[in-house]
Amino acid sequence: ERCEPRREREAAGQDPGPAPAHGPWSLEDILGEEDEQDRVPLQKLKLLGESEELRDLLLNPHLRQLLLAIDRAQDKSSLMRQLMQEPLFLEFADCCLAIVEPPEKENVLPE
């Protein structure tokens, strides 16, 4: 197999390979401490993939185009401000937020 020689070189220490982590970037590499409050736990992010409502929204080709445009944009914050005026994008954002940060029950009042 083609990758066997490389594995053998790595095992022998001849091929240093990637950075010491030997894996994908971690959130700690990307986010600083000031971003900690904006971090969504991985458990909650996984809930996004389990949401039928979110999957249904993502079937919309227009929404998918909007998401691709954000991904490719150089000035993401400017584009996000524009998209927050777009009802379809707002529906998507609200759906995501409701999943990762469910609203507290408003009708429960402390006595």
Exercise. How far, in nm, would the chain grow between Arg81 and Leu63 when pulled straight, counting 0.36 nm per residue and subtracting the alpha carbon separation?
Worked result: 4.9 nm
Problem set entry | Cα-centre dipole for segment 39-100 with unit charges at Cβ (Lys and Arg positive, Asp and Glu negative), debye to 20 | 320 debye
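Using a probe radius of 1.4 Å on heavy atoms only, what accessible surface per residue do you get for segment 39-100? Whole Å² is fine.
Details: 4480 Å² over 62 residues.
Value for segment 39-100: 72 Å² per residue.
If I take all pairs of Cα atoms in segment 39-100, what percentage of them are more than 15 Å from each other? Intermediate results must be reported in sequence, preceding the final value.
Details: 1016 of 1891 pairs.
Value for segment 39-100 (Cα pairs over 15 Å): 54 percent.
The values are calculated or read from the model by the stated rules, or taken from the named source; none is laboratory data. Because the structure is a prediction, the values reported are computed rather than measured. When we count neighbours, we look across all protein chains shown, and the Cβ atoms used for this are built from the backbone with ideal geometry, even at glycine. Keep in mind that these areas ignore ligands, DNA and RNA; they rest on the heavy atoms of the full protein, side chains included. Shrake-Rupley method; radii C 1.70, N 1.55, O 1.52, S 1.80 Å.
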